[in-house]
Amino acid sequence: SVPSSSSTFPRPAMSDDLVQLLVCGALLEGCALNAQMTDCGAVLLKATTTSPNYRFYALAGGPPKRPGLVRVASGGAPIEVEVWHMPSSKLGSFLVGIPHPLGLGKVELVDGEWVTGFICEAIGLDGATDITGCG
């Protein structure tokens with residue numbers, strides 16, 4: 001049955017206030033920019049890889065050096081990534097700090113799950129170095 005408009009619903013548990021966010025490169029645990037994750041109260045959920053449909057690039061510019069993850073139709077490889085839980089209340093302030101040409105989009109994991117994570121616009125590949133073989 002459909003609840004009436006006067007029905008009350010249980011308040012979401014604290015875990016419902018967390019969002020999954022996939023990261024790679026300098027945001028990984030133990031790497032140069034990981035404090036940006038932990039300072040937001042994010043907690044590592046799992047380390048995994050993407051599906052074999054991605055290329056990984058060291059983008060021009062920096063410091064810090066930033067990687068770019070790009071989905072490709074062919075010639076890709078699995079890339080090491082992490083999935084973090086971040087409090088949704090911190091996500092907005094985190095997002096405004098993402099520099100061009102990086103952004104968020106859906107990334108396919110090796111198990112077929114799609115997670116919101118860091119991706120790179122194609123224009124960001126100008127002057128970039130392909131580091132797919134590095135993981």
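The values are calculated or read from the model by the stated rules, or taken from the named source; none is laboratory data. Please read these numbers as outputs of a predicted model, since none were measured by experiment. In case anyone asks, the SASA skips ligands and DNA or RNA and just uses the protein heavy atoms, side chains included. Shrake-Rupley method; radii C 1.70, N 1.55, O 1.52, S 1.80 Å.
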statement: Residues whose modelled amide H sits under 5 Å from the amide H of residue 131, counting only those 5 or more places away in sequence or on another chain, are 56, 57, 58
task: Could you pull out every one of the aspartates and glutamates with an alpha carbon less than 16 Å from that of residue 46, ignoring same-chain neighbours closer than 8 positions?
output: 29, 80, 82, 108, 111, 113
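What is segment 61-135 by shape, rounded, prolate or oblate, if you read a ≥ b ≥ c off the alpha carbon gyration tensor as root eigenvalues and call it rounded for a/c under 1.5, prolate for a/b larger than b/c, and oblate otherwise?
Working: a/c = 1.95, a/b = 1.16, b/c = 1.68.
Oblate, because a/c is 1.5 or more while a/b does not exceed b/c.
Express the accessible area of segment 19-94 per residue in Å², computed with a 1.4 Å probe while the remaining protein chains stay in the model. Working shown, then result.
Values: 3510 Å² over 76 residues.
On a per-residue basis, 46 Å².
How big is the Cα convex hull of segment 95-135 in projection, averaged over all directions, in nm²? Intermediate results must be reported in sequence, preceding the final value.
Numbers: hull surface 15.0 nm².
Reported value for the Cα convex hull: 3.8 nm².
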- prompt: Considering amide H positions built from the backbone, and no H for Pro or chain starts, which residues 5 or more places from residue 18, or on another chain, come under 5 Å of its amide H?
  reply: 88
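Between rounded, prolate and oblate, where does the chain land on the alpha carbon gyration tensor, with a ≥ b ≥ c its root eigenvalues, rounded for a/c under 1.5, else prolate if a/b exceeds b/c?
Numbers: a/c = 2.27, a/b = 1.75, b/c = 1.29.
The shape class here is prolate.
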query: So what are the ³J(HN,Hα) numbers for segment 28-40, from phi and the Karplus equation (6.51, -1.76, 1.60; θ = phi - 60°), rounded to whole Hz, Gly and Pro as x?
result: 5, 3, x, 9, 3, 9, 4, 4, 4, 6, 5, 5, 8
message: Residue by residue through segment 88-93, what is 3J(HN,Hα) from phi via Karplus (6.51 cos²θ - 1.76 cosθ + 1.60, θ = phi - 60°)? Round to whole Hz and write x for glycine and proline.
response: 4, 5, 9, 4, x, 5
